[in-house]
Amino acid sequence: MAPKHRQKKPGNGLPRGQKPMVNARPSSDPAAANAMSSHIRPAGQKDGLTRKTRKQARTHGPLGNVRVDKKAQAVRNKAVRDAKALLKSGKNLAQEMQLNTALKPAGIVHKRGKKGKVFAEDKDTMQKLVSVVTARMDQVHATKIERAKELEAIREAKRKEIEKREQAKVDKLEQKKKDIKKAKRKGKSVDGGDDLSVFDSPSEKPAKGAKRRVRFAED
Amino acid sequence: MRPLTEDETKTVFEKLANYIGRNITHLIDRPDDPHVFRLQKDRVYYMSEKVMRFATSVGRPELMSLGVCLGKFTKTGKFRLHVTAVDILAQYARFKVWIKPNGEMSYLYGNNVLKAHVGKMSDDIPEHTGVVVFAMNDIPLGFGVTAKSTTEARRLDPTGIVVFRQGDIGEYLREEDTLFT
């Protein structure tokens, strides 16, 4: 019995799973609720894929999370074709191609020989070490001595400055004391009576160290 | 027993130079009786070549000590001077400090040197420099590191520390168990 041919449903022309585009309609239209779910596909992209499948094709390959690089594939295929051609020609493949760099990676040099200690037994080596070490020690000591001298000089200068200030204060105090004494003496001589010494003749003036006497004018 | 490598020799010389300065050449260059440095079980020994040759006939596990022990290498690779080196240090010391008789016992019991105990000291000793400590009759008592320079030490209080003790001959009694093991 011949199979029945099912009649195809009249479709909207889109591939399976693809939703039809919804054009913007006025708000009075009852179908306007669907307007928010619509998206506008940029013109030119008609590959028949959904957005989800298109994204997956970019990041996922047939092996999972691996991207297939077609350029690298082409280079490898060419190398394989060249190798086959060389084989046919009869030449030594390994010598000609030198493809296998797994055993001897380029740029890496392995040290050969037993790992051992180098002893410093001879006098020349020891003298060289001594000179290096003592030069550094001398430099360190010289710097320390220099710094100590500088600090000492700074301390000395500060000490002198302080002494000078204190001396200035003491001198000021002494001067003030003298001034007060002078003023007292002058004040005593003015308040205690008329100074009639001005009327005395110069010959009658008492000596410097003698006691002063006061004479009152008699009527 | 084996000779020292370059790095080990440099480390040892740096330590010795702190105490004896350029006089290390006197240790290396001895035409009358050449001396060598040898390493045995992390300890550095200084001995004449004659003694070294005798020591080659003793097996490594059996060889306990040879010559003069200068010090030992710690697990981190640093070199620590022992009191057994004080005679060699005293012979070639660069900076010296003399202690009064009333301060000797305090130092030999393991205390630092105070200003009140200092009898005399070399001039122009920088701060934090290795010095050898002597009694007033020039007997070496130990070695240490200065806390202050000579000029600053003059201004210190009597209770101020002048030298930090690093090793003293009192350790022969105090550290008897661990000194040679």
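Given Cα pairs under 8 Å that are at least 6 residues apart, what percent is the relative contact order of chain B? Walk me through the intermediate numbers first.
Details: 315 pairs, mean separation 30.9, N = 181.
17 percent.
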Checklist outcome for this item: Order by accessible surface, 1.4 Å probe, largest leading, for residues A:Arg185, B:Arg155, B:Arg174 comes to A:Arg185, B:Arg155, B:Arg174
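With every protein chain present, what is the per residue accessible area of the stretch B:100-175 (1.4 Å probe, Å²)?
Values: 3700 Å² over 76 residues.
Accessible surface, normalised per residue, equals 49 Å².
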Item to check | Distance-filtered residues of the stretch B:87-107 - backbone nitrogen under 12 Å, label point 7 angstrom along B:Thr159 Cα→Cβ | outcome: none
Next on the checklist: Using the crude model of +1 on Lys and Arg Cβ and -1 on Asp and Glu Cβ, and no other charge, please compute the dipole size for the stretch B:1-149 relative to its Cα centre, in debye to 20.
Outcome noted: 400 debye
Item to check | Shielding by other protein chains, A:134-141, mean Cβ within 10 Å | outcome: 5
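Buried accessible area between A and B (1.4 Å probe, both chains summed, ligands and nucleic acids excluded), in Å² to the nearest 100? Could you put the intermediate results ahead of the total?
Working: alone 23060 and 10290 Å², together 30900 Å².
So the buried area, both faces added, is about 2500 Å².
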Checklist outcome for this item: Rounded to the nearest 10 Å², the accessible area of B:Ile161 using a 1.4 Å probe with every protein chain kept is 60 Å²
Next on the checklist: Given a Förster distance of 51 Å, report the FRET efficiency between A:Arg215 and A:Val170 from their Cβ-Cβ distance, rounded to the nearest 0.05.
Outcome noted: 0.75
Item to check | Delta accessible area of at least 50 Å² on complex formation, residues of the stretch B:93-135, 1.4 Å probe, chain isolated as reference | outcome: B:Arg94, B:Pro126
Item to check | Estimated FRET transfer efficiency (A:Glu121, B:His26; beta-carbon r; R0 25 Å; 0.05) | outcome: 0.85
Next on the checklist: Residue by residue through A:150-157, how many Cβ atoms from other chains fall within 10 Å of the Cβ on average?
Outcome noted: 1
Checklist entry - Of the peptides A:158-165, B:1-8, A:116-123, how do they stack up when ordered by the mean number of other Cβ atoms within 10 Å, highest first? => result B:1-8, A:116-123, A:158-165
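The values are calculated or read from the model by the stated rules, or taken from the named source; none is laboratory data. Only a predicted model underlies this, so the values are computations on that prediction, with no experimental measurement involved. Cβ: placed from backbone, ideal geometry, glycine included. Neighbour counts: every protein chain shown. In case anyone asks, the SASA skips ligands and DNA or RNA and just uses the protein heavy atoms, side chains included. Shrake-Rupley method; radii C 1.70, N 1.55, O 1.52, S 1.80 Å.
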